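Report on the following structure.
Read-outs throughout are calculated quantities, based only on the coordinates presented, and are distinct from any laboratory measurement. Predicted model only: the values in this text are computed from it and were never measured. Backbone-built Cβ (ideal geometry, glycine too); neighbour counts: all protein chains shown.
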Amino acid sequence: MTRHLPKAELHCHIEGAAPPALTARQAARYGLSTEGFIRDGAYVWEDFTSFIRAYDFVASVFRTEEDYAALAHAYLSDLAGMNTLYAELFVSPDHGEAVGLSAEAYIDGLAAGMMAAKEETGIESRMVIIGERHLGPENVLARARWLERFHHPLVTGFNMAGDERMNRVEDYAPAFTIAQGAGYGITIHAGELCGAFSVADALDHVQPSRIGHGVRAVEDEDLLRRLAQEGVVLEVCPASNIALKVFPDYESHALPALVKAGVKVCINSDDPPFFHTSLAKDYALAAAMGFDDAAINRMTETALEAAFVDEDSRSALLARFKTRCEATRASGPREDP
């Protein structure tokens, strides 16, 4: 019973949000075979390595500004239908460049879809630029240097995703220094494939205000205390964590322990169709872990407080959130369909 709750999302990769049916249509449009990537209407992958390979295939079927505008519009409209106020899209210009679309055109296409969704539904959104860890430190550094020169009102953050097992966080620190110096919000994937040490490395070398996933921090009590003391927000993605076998089942998921330790958290869907989830379903998973409406609303408020937006936008979002919470309390909860 969470569909009635107002929501916010800080951690979703835009190509990873493409439904398999849309990917199949795009592949057919460009004469590409989906064999080995889509079966019976679902994405095919077995482990993190094959997941990345499938993700890259999905990205390859979006090739024009119009393709990306349609993808952003579709996903944000879907989120708005789940009572979502705000969303940040993780976007990787490397994927656009891989199919011949310039980084600028890639961003412009996404922005067109984002603005169309806002006009139709009221949902507010921003983009966070991704540096791909598995492409190496020089590639991520080059992306940060590009971002330092590039200015777009909907691009407000910098992140690094990809295989945490490759290289050291320290190798990528110069890129984050550049992005932070240029005024962008900083988050980084850590504590998903790799243990608590990767979260500590991120704190030591990148100084992020948020960490993507970070759930393996539960393995180190001192690190939990540090996260709580420093107020770093963890972008937790429950369904993703189970699908990628970060935890064997929801009973052993770290979310309750993180909250008990005083760590700030918010709920996200990561790459929803890959993990047979949605933002509403991930909110429902939090409820199934024992969190009531008030506790889940605190997570949403945390997300809005940690969002990479200007302060006027933040104040407006928090006011809308408060209004929707009050309306929900007045009408009472509704059953999810």
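Here are the numbers for the structure shown:
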quantity: Peptides 51-57, 180-186 ordered by average Cβ neighbours within 10 Å, highest first; calculated: 51-57, 180-186
quantity: All Cα pairs of region 148-250, percent lying beyond 19 Å; calculated: 43
quantity: FRET efficiency for Glu97 and Glu230, using Cβ-Cβ distance with R0 set to 51 Å, rounded to 0.05; calculated: 0.90
quantity: Separation in nanometres of the label points that stand 7 Å from Cα toward Cβ, at Ser33 and Ala21; calculated: 2.5
quantity: Local electrostatic count, His276, Cβ distance below 14 Å [Lys/Arg +1, Asp/Glu -1]; calculated: -2
quantity: For region 7-331, size of Cβ-based charge dipole, Lys and Arg +1, Asp and Glu -1, in debye; calculated: 440
quantity: Taking Ser77, Ser278, Ser269 and counting other C-beta atoms within 10 Å, the order from fewest to most; calculated: Ser77, Ser278, Ser269
quantity: Length-normalised contact order of region 1-112 in % [C-alpha pairs under 8 Å, at least 6 apart]; calculated: 40
quantity: Of the DSSP H helices in the chain, those whose Cα atoms cover at least 24 Å axially and whose Kyte score averages 1.0 or more; calculated: none
quantity: Relative contact order %, region 232-280, counting alpha carbon pairs below 8 Å whose residues are six or more apart; calculated: 48
quantity: Sparse-neighbour loop sites [trypsin sites (Lys or Arg not before Pro); region 78-182; at most 11 other C-beta within 10 Å; DSSP]; calculated: Arg168
quantity: Separation between Cα centres of region 49-119 and region 128-161, rounded to whole Å; calculated: 16
quantity: Within-10-Å neighbourhood charge of Gly157 [Cβ basis; K, R +1; D, E -1]; calculated: +1
quantity: Cα centroid of region 1-18 to Cα centroid of region 279-321, whole Å; calculated: 11
quantity: Sum of -39500 (n - 2.57) over DSSP H runs of 4+, divided by residues of the chain (222 nm, nearest 500); calculated: -15500 deg cm²/dmol
quantity: Extension gain (nm, one decimal) between Leu318 and Lys118, 0.36 nm per residue minus Cα-Cα; calculated: 70.3 nm
quantity: Label point 7 Å beyond Cα of Ala327 along Cβ direction - residues of region 1-27 with amide nitrogen under 17 Å; calculated: 2-8
quantity: Cα shape, region 209-279, gyration tensor, a/c 1.5 rule; calculated: prolate
quantity: Burial order of peptide ranges 82-88, 150-156, 105-111 (average beta-carbon count within 10 Å, highest first); calculated: 82-88, 105-111, 150-156
quantity: Lys pairs, the chain - Cα-Cα below 20 angstrom, 8 or more residues apart or on other chains; calculated: 7
quantity: Mean separation of Cα contacts under 8 Å (6+ apart) over length of region 181-236, as relative contact order %; calculated: 36
